[in-house]
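Below: the structure, in structure tokens.
The values are calculated or read from the model by the stated rules, or taken from the named source; none is laboratory data. Here the structure is a predicted model, which means the values were calculated and not measured. Cβ coordinates were reconstructed from backbone atoms using ideal geometry, including for glycine residues, and neighbour counts include every protein chain displayed.
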Ligand SMILES: [Mg+2]
């Protein structure tokens, strides 16, 4: 007998971890939250659709992890502390094995960040997962896209491009050697940079997370800040796994234009750059990849040589 909506919520998503800021969680018509004194509420929402944002047949555990990770990444980009989530799940059928695995992936990440599920909804339809996350932020310490100024250093966390390379390998059903495993997991299991975002609250002048590709997102940050940027491609973090599977131009294209990394892109004033010289912050590698310029537009250089980038379709670049 198929599970009803109530059965699904009770069996897989009911009574989870308690938080002092959740006055009433799942079970009534709506949730009630206690807003901590001296905090602002930060909200973000992201939807992932099977066949659009992740390939059909992606393991349910990975779908659960990734759907929450992309949302937590948006909170990380604001410097917020995550606190709760609500979930809307559209499913073709109430497959108990799938639901159990989905909940496992979702809650493993939620528990790691002490995020409580406070409400949800299930409907029958194509596989679509919408999560809204909430978090708290100190009123005078948060990160926006609009704070970059000419002369600021430009930084990125992690190794941009690996997620796009991993997605290409998943789509090609590539043999699963160690490099391929690493790259695929970078797409399927992005690690939201929550601790880094918290650490950057008092260091960065602007920040955002990289979801559409380094250059495309950098353009958004520059537009919001009313400035431009110069990227030195030789300073981009190298990926041994990408280099083992792809030639140099392809690696560069993934690093500059591949989406789905969920790393943080941020800027730092010259006065604050000393705090970053060690190259690691909150346990994450950060690399200085360029400089913010007064002149608008994003330009890429290798040494003093400018690289000409050619647009090939919406929000994508190809190297000429
Ligand atoms: Mg974002």
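Structure notes:
- Residue count, segment 187-215 (criterion: more than 11 Å from the ligand (Cβ to nearest atom), buried (at least 23 other Cβ atoms within 10 Å of the Cβ) and not in a helix (DSSP H, G or I)): 5
- Matching residues in segment 147-167 - criterion: being within 19 Å of the chain's Cα centre (by Cα), in contact (Cβ under 8 Å) with a residue 60 or more places away in the chain and either within 13 Å of residue 197 (Cα to Cα) or not in a strand (DSSP E or B) (or both): 155, 156, 157, 158, 159, 160, 161, 162, 163, 164, 165, 167
- Apart from one condition, residue 48 fits all of (1) in a helix (DSSP H, G or I); (2) touching a residue at least 40 places away in the same chain (Cβ under 8 Å); the exception is (1).
- Residue match in segment 172-180 (condition: in contact with a helix residue (DSSP H, G or I) (Cβ under 6 Å, 6 or more places away or on another chain) and surrounded by fewer than 18 Cβ atoms within 10 Å (Cβ to Cβ)): yes
- Count of residues meeting criterion [within 14 Å of the ligand (Cβ to nearest atom) and touching a strand residue (DSSP E or B) at 6+ places or on another chain (Cβ under 6 Å)] in segment 36-54: 6
- Residue match in segment 276-291 (condition: within 21 Å of residue 150 (Cα to Cα), crowded, with 19+ Cβ neighbours inside 10 Å and over 22 Å from the mean Cα position of the chain (by Cα)): no
- Comparison of 57, 14 shows that the only residue that is surrounded by fewer than 17 Cβ atoms within 10 Å (Cβ to Cβ), within 23 Å of the chain's Cα centre (by Cα) and over 30 Å from residue 142 (Cβ atoms) is 57.
- Test: residue in segment 55-64 that is in contact with a strand residue (DSSP E or B) (Cβ under 6 Å, 6 or more places away or on another chain) and either at negative phi or not in a loop (DSSP other than H, G, I, E, B) (or both): yes
- One residue from 235, 207, 224 being within 26 Å of residue 289 (Cα to Cα), out of contact with any helix residue (DSSP H, G or I) (no Cβ under 7 Å at 6 or more places or on another chain) and at pLDDT 95 or above: 235
- Members of segment 224-242 that are away from the ligand (no atom under 14 Å from the Cβ) and part of a helix (DSSP H, G or I): 225, 233, 234, 235, 240, 241, 242
Per-residue answers, yes or no, for (1) at pLDDT below 95; (2) in the same structural domain as residue 10 (by TED's automatic domain parsing):
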residue	(1), (2)
94	yes, yes
110	no, yes
113	no, yes
119	yes, yes
122	yes, yes
129	no, yes
149	no, no
164	no, no
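- From the list 99, 87, 75, the lone residue that is within 17 Å of residue 9 (Cα to Cα) and either assigned to a strand (DSSP E or B) or within 16 Å of the ligand (Cβ to nearest atom) (or both) is 87.
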